[in-house]
Amino acid sequence: MDNLRKLDLNLLLTLEALLKDPNVTRAARALNLSQPTVSVQLAKLRKSLNDPLFLPGPRGMRPTARAELLRASLSEALGMLDKAISPPGPFIPGESSHTWQVVAADYCENTVLLPVLQMLRRDAPGTRLAILSGANSYMAKSAGQDKVDLFFHIPEESPQGLRSRTLFREEYVLASRVGHPLLKTAPKLRQFLELDYVMISPDGGGFWGNTDKVLSEMGLSRKVVLSVPHFMFAVFTIATTDMVGMLPLRLVKNNPQLQYFPPPIDIPGFDMNMLWHEHLHREPAHKWLRDLIVRSVEGEGTSQLPSPLWG
């Protein structure tokens, strides 16, 4: 690389033009430069390469043996350099064999990624998608490794320094199995407190959440009898027992085994964000996947959904 450091790379373009047409005036015209400028650049090339490069001939200049040796390799090298610095071409999903890696909890697996899979398989059948653990500890670690394409998480607990886009606003509802003996209609506060709850603790073992915080500020408490790390196990438990849960609406609204009600207290919802590293922001394949997910999420809101059982 020492030789390159001593040479202005623009001079190589001039050398290539002269090798194609060893005439300073015509080379200057092809390069959109003045004839004196090309003459000065040729002098610099001769000095840098320690060779006259072009000698007078019966029909103008003719290349030296050194210049002839440079001809093929120079054209190839400049072509590769031009390709390397050119903007990337458009992403063609139907021809791609790209593999994406995303980090998501099972809530987002079901509400964001599952709905987009049909579109992904249809439009980019040669691609692959790997879904990695969405636990907070793993998310923080993988964000620092700079290898994951997308993260899905709430803003308050998301890794710092990433670009983000809010996909939707989520709300909590009280979910129970259809036919629950204590829930024919939306419960009053007293009944709400007497139910047996399952709650999701992504990092495991927690019995305190947003609902408990709101109740505590009111001097009240509920009965949390089961703590699980995954949303879908909570959904299955609620669907097959008399336990209930405060679950995100998108997770339960299309489940025929569940009914849901507005809680008798105001439980704050949350934003769901899609996040990615800055170095991927303009990458065509990555942008295509982000746009696909956004289209899927926005289209979901217009689909026909079962009427909520709010009594």
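The values are calculated or read from the model by the stated rules, or taken from the named source; none is laboratory data. Nothing here was measured: the structure is a model prediction, and the numbers come from that model. Every residue, glycine as well, gets a Cβ built from its backbone with ideal geometry; the counts of neighbours run over all protein chains shown. These area figures cover heavy atoms from the full protein model, side chains too; ligands, DNA and RNA do not enter into them. Shrake-Rupley method; radii C 1.70, N 1.55, O 1.52, S 1.80 Å.
One table, with the values for the structure above:
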| quantity | calculated |
| --- | --- |
| Single condition Leu167 does not satisfy, out of (1) modelled with pLDDT under 95; (2) surrounded by 12 or more Cβ atoms within 10 Å (Cβ to Cβ); (3) closer than 25 Å to His98 by Cα | (1) |
| Residues that are buried (at least 16 other Cβ atoms within 10 Å of the Cβ), modelled with pLDDT of 95 or more and more than 18 Å from Leu193 (Cβ to Cβ), drawn from the stretch 229-247 | Ala234, Val235, Thr237, Ala239 |
| Output for the stretch 97-147, where each listed residue is over 19 Å from Gly299 (Cβ atoms), at pLDDT 95 or above, out of contact with any strand residue (DSSP E or B) (no Cβ under 9 Å at 6 or more places or on another chain) and open to solvent by 60 Å² or more (accessible area, probe 1.4 Å) | Pro125 |
| Qualifying residue in the stretch 83-91 (condition: surrounded by 13 or more Cβ atoms within 10 Å (Cβ to Cβ) and not β-branched (Val, Ile, Thr)) | yes |
| Lone unmet requirement of (1) at pLDDT 95 or above; (2) surrounded by 18 or more Cβ atoms within 10 Å (Cβ to Cβ) for Val225 | (2) |
| Hey, Ile267 part of a loop (DSSP other than H, G, I, E, B) and either modelled with pLDDT under 95 or surrounded by 14 or more Cβ atoms within 10 Å (Cβ to Cβ) (or both) or not | yes |
| In the stretch 208-234, the residues that are within 23 Å of Ser133 (Cβ to Cβ) and among the hydroxyl-bearing types (Ser, Thr, Tyr) | Ser227 |
| Residue within the stretch 28-40 that is within 30 Å of Ile131 (Cα to Cα) and open to solvent by 40 Å² or more (accessible area, probe 1.4 Å) present | no |
| Matching residues, the stretch 179-188, being of a type in the set (A, V, I, L, M) and surrounded by 13 or more Cβ atoms within 10 Å (Cβ to Cβ) | Leu183, Ala186 |
| Matching residues in the stretch 202-222 - criterion: being at pLDDT below 95 and either buried (at least 17 other Cβ atoms within 10 Å of the Cβ) or aliphatic (A, V, I, L, M) (or both) | Pro202, Gly209 |
| Boolean, Arg250 is surrounded by fewer than 14 Cβ atoms within 10 Å (Cβ to Cβ), within 29 Å of Arg165 (Cα to Cα) and within 28 Å of the chain's Cα centre (by Cα) | no |
| Residue list for the stretch 187-220, filter: of a type in the set (Gly, Ala, Ser) and within 40 Å of the chain's Cα centre (by Cα) | Ser201, Gly204, Gly205, Gly206, Gly209, Ser216 |
